[in-house]
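Chemist: First, the structure itself, so that you have it in front of you.
The values are calculated or read from the model by the stated rules, or taken from the named source; none is laboratory data. This is a predicted model, so every value here is computed, not measured. Cβ: placed from backbone, ideal geometry, glycine included. Neighbour counts: every protein chain shown. What goes into the accessible areas is simple: the full protein's heavy atoms, side chains included, and nothing from ligands, DNA or RNA. Shrake-Rupley method; radii C 1.70, N 1.55, O 1.52, S 1.80 Å.
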Amino acid sequence: MTVSEGGDPFSALPGPRRPPSAVESPSAPTRRATSGTVRRQNALMPLTADILVALVALLHLYTMVMEMFLWQKPIGRRFSGFDARLARDTAVMAANQGLYNGFLAAGLVWGLVADDPTGFRVRVFFLSCVVIAGIYGAATANRRILFAQALPGALALSAVLVSH
């Protein structure tokens, strides 16, 4: 059965498969499973959640590189908004922050590759850390951190919780 005939567009993808639903009608907008109604658009939610988690991990990896390796270079100074002297004076502190961002990225990647229930728990834990760190950073350092770190983390965390 093809997608245009109401088939599952993800049936050809590798990985674990859900048991077939009790009633499958190509013309119906929903499928009834033994546990209730599952909307077809909800099949994309786990993929959306994984993409958001991966983007948050990439954001933290990028921040780690900027803070640990490029802080005193022109690109790192544009990232921080610091002049050469202030970048030099804060380089050790920035490298320390970068290391923490690297740990957050590593934890999020671990959550993506680990099987559930561990993967789910790890994603929730590290995304919660991202959100809390973003809120704290916005309150104590720079308000932009709320939008650059806490908001993407909160969106990814919401998607992970909804998709589970």
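Chemist: Look through the stretch 146-164, keep the residues that are under 28 Å from S80 (Cβ atoms) and not small (G, A, S), and return whichever of them is surrounded by the fewest Cβ atoms within 10 Å (Cβ to Cβ). Write out each step before concluding.
Modeler: First, the residues of the stretch 146-164 that are under 28 Å from S80 (Cβ atoms): 146-157.
In the following step, the residues that additionally are not small (G, A, S) were identified as 146-147, 149, 151-152, 155, 157.
Numbers: L146: 16, F147: 11, Q149: 24, L151: 14, P152: 20, L155: 17, L157: 21.
Ranking the qualifying residues of the stretch 146-164, first place goes to F147.
Chemist: Hey, another quick one. How many residues does the stretch 125-145 contain that are surrounded by fewer than 16 Cβ atoms within 10 Å (Cβ to Cβ) and either assigned to a helix (DSSP H, G or I) or touching a Lys or Arg at 6+ places or on another chain (Cβ under 6 Å) (or both)?
Modeler: Total satisfying the criteria: 7.
Chemist: Name the residue that is farthest from A133 (Cα to Cα), counting only residues in the stretch 77-94 that are in contact (Cβ under 8 Å) with a residue 12 or more places away in the chain and not aliphatic (A, V, I, L, M).
Modeler: R88
Chemist: Report yes if some residue within the stretch 59-79 is part of a helix (DSSP H, G or I), modelled with pLDDT of 95 or more, open to solvent by 60 Å² or more (accessible area, probe 1.4 Å) and touching a Gly at 6+ places or on another chain (Cβ under 6 Å); otherwise report no.
Modeler: There is at least one residue in the stretch 59-79 that is part of a helix (DSSP H, G or I), modelled with pLDDT of 95 or more, open to solvent by 60 Å² or more (accessible area, probe 1.4 Å) and touching a Gly at 6+ places or on another chain (Cβ under 6 Å).
Chemist: Exactly one condition in (1) under 15 Å from the mean Cα position of the chain (by Cα); (2) modelled with pLDDT of 95 or more; (3) farther than 13 Å from V56 by Cβ is not met by Y100; state its number.
Modeler: (1)
Chemist: Suppose we filter S25, S21, S4 for residues that are over 26 Å from the mean Cα position of the chain (by Cα), part of a helix (DSSP H, G or I) and modelled with pLDDT under 95; which single one remains?
Modeler: Just a single option satisfies the conditions, and that option is S4.
Chemist: For the stretch 95-112, what are the residues that are without any contact (Cβ under 8 Å) to a residue 60 or more places away in the chain, within 14 Å of L52 (Cα to Cα) and open to solvent by 40 Å² or more (accessible area, probe 1.4 Å)?
Modeler: Answer for the stretch 95-112, where residues must be without any contact (Cβ under 8 Å) to a residue 60 or more places away in the chain, within 14 Å of L52 (Cα to Cα) and open to solvent by 40 Å² or more (accessible area, probe 1.4 Å): just V109.
Chemist: Next question. Could you list, in sequence order, the residues of the stretch 113-137 that are without any contact (Cβ under 8 Å) to a residue 24 or more places away in the chain and hydrophobic (A, V, I, L, M, F, W, C)?
Modeler: Across the stretch 113-137, the qualifying residues are V113, A114, V122, F125, F126, I132, I135.
Chemist: Taking the condition of being open to solvent by less than 20 Å² (accessible area, probe 1.4 Å) and under 12 Å from the mean Cα position of the chain (by Cα), how many residues in the stretch 113-124 meet it?
Modeler: The total comes to 1.
Chemist: Answer with yes or no whether Q149 is of a type in the set (S, T, N, Q) and not in a helix (DSSP H, G or I).
Modeler: Considered against the rule, which asks whether it is of a type in the set (S, T, N, Q) and not in a helix (DSSP H, G or I), Q149 comes out as no.
Chemist: In addition: Go through the stretch 73-110 and give me each residue that's out of contact with any Asp or Glu (no Cβ under 9 Å at 6 or more places or on another chain) and polar (S, T, N, Q).
Modeler: T90
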